[in-house]
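Please read the structure below before turning to the comments.
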Amino acid sequence: MQATAAIVIFVCAYVLIASEKVHRTAVALGGAGLMLLLHITDAEGAFFSSDSGIDWNVIFLLLGMMVIVSVLRRTGVFEYVAIWAAKRARGRPYRLMVMLVVLTAFASALLDNVTTVLLIAPVTFLVCKRLALAPEPYLIAEVMASNIGGTATLVGDPPNIIIASRGGLSFNDFLVHLAPLVLVLLAVFCLLCRWLFRSAFRYDPDLAAEVMALKEREVITDPRLLAQGLGVLALVIAAFVLHPVLHYEPSVVALLGAGLLVAATKVTTEEALSEVEWPTLVFFAGLFVMVGGLVETGVIGDVSKAAADATEGRLGAAAMLLLWASAVLSAIVDNIPYVATMSPIVADLVQQHPGEQGHVLWWALALGADLGGNATAIGASANVVVLGIAARNGTPISFWRFTRYGIVVTLITVALCVPYLWLRYL
């Protein structure tokens with residue numbers, strides 16, 4: 001009975017979010033409230049459970065990085081990068097998109113994808129304003145590139161950390177097995193952008209000439225604050241990359257960096273917190289509670305177990321089903337609780353196929369969960385963050401506008417994983 005109620009609440013909330021008739025934050029809070037009201041989950045499960053509650057690591061990682069970005073915004077550094085990128089692209093819209101896409105993808109391989117889009121989004125708004133371009137296509141392309149690029153490394157996407165822990169995989173394992181494929185997917189995605197966003201590439205030679213005449217150094221308004229901000233950001237990034245050695249969660253690193261930056265500069269706490277995307281953080285909290293209800297009632301576990309049982313011990317069939325099922329489910333629910341639920345099942349399947357060949361199941365899970373996040377506007381944390389930033393800047397991106405591009409990109413990128421996995425491992 002509770003499982004049925006959890007499914008009904010989640011589906012209704014999903015429909016309301018997709019319809020955009022009610023603000024998504026209100027929907028998430030309402031759905032979370034119903035889950036608690038009907039005892040589908042409780043306070044312990046919603047707020048303190050690491051498997052089915054609010055993922056505070058994600059919430060506080062976002063909060064810390066939003067504060068750091070808020071401080072950096074006051075220095076003019078984003079205007080500097082925007083002018084630099086526009087000049088390197090010589091004002092050509094498609095060339096600019098490729099540059100931003102590649103930059104985002106490679107940054108997401110070293111940072112988590114949410115941090116990357118928080119840093120790149122302000123640059124995108126500024127450069128698009130300079131060239132009179134609509135920022136929405138660039139933001140959509142960047143967030144998809146972040147999900148693709150984050151697939152390449154252990155630290156690029158939170159599900160990869162879960163997979164590495166459960167499967168005993170190292171940072172180098174992800175580089176060797178996934179990075180080559182990600183480079184191919186990134187090249188294909190750049191070509192796809194030319195077709196998907198073709199109507200957005202309107203070149204204005206006069207505006208391009210104006211941009212080429214600009215001197216980017218002149219937009220830096222506070223060199224001292226910039227040095228302090230970049231110094232703290234460098235320390236935060238280094239701590240992210242050294243996570244396997246330092247064992248500090250990214251959320252802890254981000255909060256320490258934000259606290260240090262506010263304490264060491266003249267920026268007040270009120271100023272630093274003024275640009276935090278509070279509705280986005282609250283939306284995530286509500287979404288985590290709703291998905292946690294599906295986890296606690298066994299809905300996600302039952303779906304995953306049924307998919308595993310359907311393969312009847314055949315490695316190739318298991319890998320392909322795992323790849324596509326993960327992509328579909330990660331488009332609907334956040335991929336973090338999905339991977340947390342699915343990883344014990346995959347671990348059991350891997351034990352049935354000892355040796356390097358059996359690890360194809362881990363790579364299928366990672367690729368499906370990470371790339372499937374591109375399919376819908378709420379499929380990955382970075383998607384939700386970018387939509388929140390876009391709305392705050394007066395250029396809202398609708399659920400269906402994102403999703404109609406996302407489905408195409410997901411189908412093509414996941415389909416390209418099939419021959420890679422089959423030829424290399426099977």
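Quick check: at a probe of 1.4 Å, how many percent of the accessible area of segment 318-422 sits on carbon and sulfur atoms? Carbon and sulfur: 68 percent of the exposed surface of segment 318-422. Accessible surface calculations at 1.4 Å, restricted to protein heavy atoms, place segment 92-237 at 41 Å² per residue. Share of carbon and sulfur in the accessible area of segment 240-306 stands at 69%, probe radius 1.4 Å. Taking all protein chains together and a 1.4 Å probe, the residues 129, 305 rank 129, 305 from largest to smallest accessible area.
Hey, any idea what % of segment 149-203's accessible area is carbon plus sulfur with a 1.4 Å probe? Ligands and nucleic acids excluded, carbon and sulfur reach 61 percent.
Subtracting the Cα-Cα distance of residue 204 and residue 183 from their residue separation scaled by 0.36 nm leaves 4.4 nm.
Peptide packing: for 261-274, 194-207, 281-294, 400-413, the average count of neighbouring Cβ atoms within 10 Å per residue gives the ranking 281-294, 400-413, 261-274, 194-207, highest mean first. The chymotrypsin sites (Phe, Trp or Tyr not before Pro) of segment 1-86 meeting both criteria, a DSSP state outside H, G, I, E and B (loop) and at most 12 other C-beta atoms within 10 angstrom of the site's C-beta, are 48.
When 320, 1, 35 are compared by accessible surface with a 1.4 Å probe, the order from highest to lowest is 1, 320, 35.
Accessible area per residue for segment 308-404, computed on protein heavy atoms with a 1.4 Å probe, is 31 Å². Shown for the chain are the DSSP H helices of 15 Å or more along their axis, judged by Cα atoms, with a mean Kyte-Doolittle hydropathy of at least 1.6: 2-19, 56-73, 93-110, 179-196, 223-241, 250-264, 278-296, 315-332. From helices alone, the chain scores -24500 deg cm²/dmol at 222 nm; the rule is -39500 (n - 2.57) for each run of n ≥ 4 DSSP H residues, then divide by the residue total. When only the Cβ of Lys, Arg, Asp and Glu is charged (+1, +1, -1, -1), the dipole of the chain relative to its Cα centre reaches about 1560 debye. Charge tally for residue 65 (other residues, Cβ to Cβ under 12 Å; Lys, Arg +1; Asp, Glu -1): -3.
The values are calculated or read from the model by the stated rules, or taken from the named source; none is laboratory data. Source: prediction; values computed, not measured. Cβ sites come from the backbone with ideal geometry, for glycine too, and all protein chains shown count toward neighbours. With ligands, DNA and RNA removed, areas are computed over all heavy atoms of the protein, side chains included. Shrake-Rupley method; radii C 1.70, N 1.55, O 1.52, S 1.80 Å.
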